[in-house]
Each structure stands twice: as C-alpha cells, then as structure tokens.
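Reviewing the structure listed below.
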Amino acid sequence: MVGEIGAFLDAVSGVEGLGESVDTAWTERARETRDRVRATQRSGLGDHAVLCDAVRAALPREAVIARDVTIASSSWGNRLLPMFDPRSNIFPRGGGIGQGLGMAIGAAIADETRPTLGLVGDGGLAVHLGEILTMAQEKPWLVLLVCNDGGYGVLRNMQSGAGRGTYAVDLTTPDFALLAQAVGVEYRRIGGASEAHAVLEDAVSLRAPVIVEVDLASYGEMPTPFTPPVTVPSS
Ligand SMILES: Cc1ncc(C[n+]2csc(CCOP(=O)(O)OP(=O)(O)O)c2C)c(N)n1
Ligand SMILES: [Mg+2]
C-alpha cells in the first residue's frame, strides 16, 4: 500500500498545480457549513445532546462505538458523536435493526484492552435478545446503552407526523434491571440528563459487561422528533 502511494506520488509529481497551496476560502466555507449543520442538528435534540456529550466524555478516544439502527444513532450517534478512527466506528449501513449487540460483543472480544459501547434501542435489541447471554457468558468490557422508549420510536414518530395515530409500534420490553440480574450482569439507569455523565463514567469504569438503560419516559422528548427522509403511504 505504501509502495503504491509512493508510485502514485512519483507519477503525479510533475502535474501542474499540484503542491500549490489549498484554497483557504473554500476550507473556511466547508468549516462554517459543518459548524452550522452541527448546531442545527444539536438544537433539535434538547437534553438528548447531553447523552451524546456524556458518551464521548466517558470513553477514551480509542473506544469502539457500535450502533444499532435507532433514533439515538440517527439523530446524534451517526451525526454528532466525534469518531477518531474508522476502525472504532461501527454501524450497519444496510439499515437492518438487531445487529448492534452482536457487533458490539464481537468488537469488545476482539480487543479487550479498550472499552466498547453498544448503542441500541429496545426494539432492535429485542431482535437478538438472546445474545445478552453471550454478553453475560464472555464478560466483555462492554457498556450496552439501551434507549428504551417502549417500542419502535422512529415508526411512532413517522406515524404521528403523518397525523393518523399510531399502530403496531408499542412493544412489550423487558424490565432491564431484572433482565440484567437474571443473567448476572451489572445494570445502571439514566432517568434524566443530569445523571448521564456520572452513570456512564461509572459504567465504563467497571471493565465488565453492563446494561445502561436510558429510561426515555422519564428522560423526556426531543424538541424535534426524529423522522427519516421517507414518506408514509397515504392510504
Ligand atoms: C430487520 C428490520 N426490521 C424492521 C426495520 C424497520 N425499523 C427501522 S428503525 C425501527 C425501530 C427500531 O426500534 P428501536 O430499536 O427501539 O429504536 P427507536 O426507533 O425506538 O429509537 C424499525 C422497526 C429495520 N430497519 N430492520
Ligand atoms: Mg425504541
């Protein structure tokens, strides 16, 4: 790879314009646009931006962050959460829910020297809930952050936004404290933004599998409910 890059650089070294200074105005415009987009995204999150900040603050730079397809990923995990290395940034681009826990367990077992955080929703987690047993058995350094809104929140938002009420989006979810107890892993709860930093710092310090539930009923709504850029059929 290094040899190929060297050969490429040799080949283009005589090309006119290369090596001249970059257009600083363009760089500045890109930076301003990025800051504006991030500020707009953040303003729609309200207290949920605190969760994003707390996740980053609680983890070392090299921590792996594996995300399922959930509102927390789509609204801040994939957009605002700083990532420092592509190899620590895991997300299923295919968009299927349910892979988050398996990816997080795999990452955590692959490198036991750094913590892994799995960001999942209650609905996605339910798809492969049995993998909780793998987590309990293998005991990886894994913080499983479960954003529990009692169902398929993103579909709920889409249906509400379309103004026709909601259907088939409310799920029976486990009592996560009892579930953790049943399989012998630690459990922590975040019931409001003011708790996020301390709970996550504590969870990471355990160096063990831990379920951290964000109890969204108590945590509160996002000022701008997240909806994906797709339309609900009209009939
Ligand atoms: C395998 C699969 N089934 C259904 C969907 C459609 N889908 C996308 S997000 C979502 C809701 C997931 O619920 P949850 O994990 O609780 O996240 P929330 O939207 O509540 O944040 C569903 C059903 C999908 N992406 N993949
Ligand atoms: Mg949910």
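Could you please give the count of residues in region 200-212 that are surrounded by fewer than 20 Cβ atoms within 10 Å (Cβ to Cβ) and farther than 15 Å from Pro140 by Cα?
2
Keeping to region 167-178, report how many residues are touching a residue at least 12 places away in the same chain (Cβ under 8 Å) and under 22 Å from Ile190 (Cβ atoms).
6
Can you name the number of the only condition in (1) among the hydrophobic types (A, V, I, L, M, F, W, C); (2) within 15 Å of ligand 2 (Cβ to nearest atom); (3) open to solvent by 10 Å² or more (accessible area, probe 1.4 Å); (4) not in a loop (DSSP other than H, G, I, E, B) that Leu101 fails?
Checking Leu101 against (1) among the hydrophobic types (A, V, I, L, M, F, W, C); (2) within 15 Å of ligand 2 (Cβ to nearest atom); (3) open to solvent by 10 Å² or more (accessible area, probe 1.4 Å); (4) not in a loop (DSSP other than H, G, I, E, B), the one that fails is (3).
Can you tell which of Pro225, Pro229, Pro233 is touching a residue at least 12 places away in the same chain (Cβ under 8 Å) and open to solvent by 40 Å² or more (accessible area, probe 1.4 Å)?
Only one candidate qualifies: Pro225.
When Ala54 is evaluated against the numbered criteria (1) more than 11 Å from ligand 1 (Cβ to nearest atom); (2) in contact with a strand residue (DSSP E or B) (Cβ under 7 Å, 6 or more places away or on another chain); (3) touching a residue at least 60 places away in the same chain (Cβ under 8 Å), which criterion, by number, is the only one it fails?
With respect to (1) more than 11 Å from ligand 1 (Cβ to nearest atom); (2) in contact with a strand residue (DSSP E or B) (Cβ under 7 Å, 6 or more places away or on another chain); (3) touching a residue at least 60 places away in the same chain (Cβ under 8 Å), Ala54 is out only on (2).
Taking the conditions exactly as written (under 12 Å from the mean Cα position of the chain (by Cα) and outside any loop (DSSP other than H, G, I, E, B)), does Gly118 satisfy them or not?
So Gly118 passes the test.
Would you be able to tell me the number of residues in region 167-178 that are buried (at least 18 other Cβ atoms within 10 Å of the Cβ) and not in a loop (DSSP other than H, G, I, E, B)?
1
So, of the residues in region 44-95 that are within 15 Å of ligand 2 (Cβ to nearest atom) and not in a helix (DSSP H, G or I), which turns out to be surrounded by the most Cβ atoms within 10 Å (Cβ to Cβ)?
Asp68
Residues to consider are Tyr167, Tyr152; find the one that is within 25 Å of Ala66 (Cβ to Cβ) and of a type in the set (Ser, Thr, Tyr).
Testing whether each residue is within 25 Å of Ala66 (Cβ to Cβ) and of a type in the set (Ser, Thr, Tyr) leaves just Tyr152.
Working only within region 127-166, note down all residues that are free of Cβ contacts under 8 Å to residues at least 60 places away in the same chain, within 13 Å of ligand 1 (Cβ to nearest atom) and surrounded by fewer than 17 Cβ atoms within 10 Å (Cβ to Cβ).
Leu129, Thr166
The values are calculated or read from the model by the stated rules, or taken from the named source; none is laboratory data. These figures come from a predicted structure and were not determined experimentally. In this analysis, Cβ positions are derived from the backbone assuming ideal geometry, glycine residues included, and neighbour counts consider all displayed protein chains. Each accessible area value is taken on the protein alone, full model and side chains, heavy atoms only, with ligands, DNA and RNA left out. Shrake-Rupley method; radii C 1.70, N 1.55, O 1.52, S 1.80 Å.
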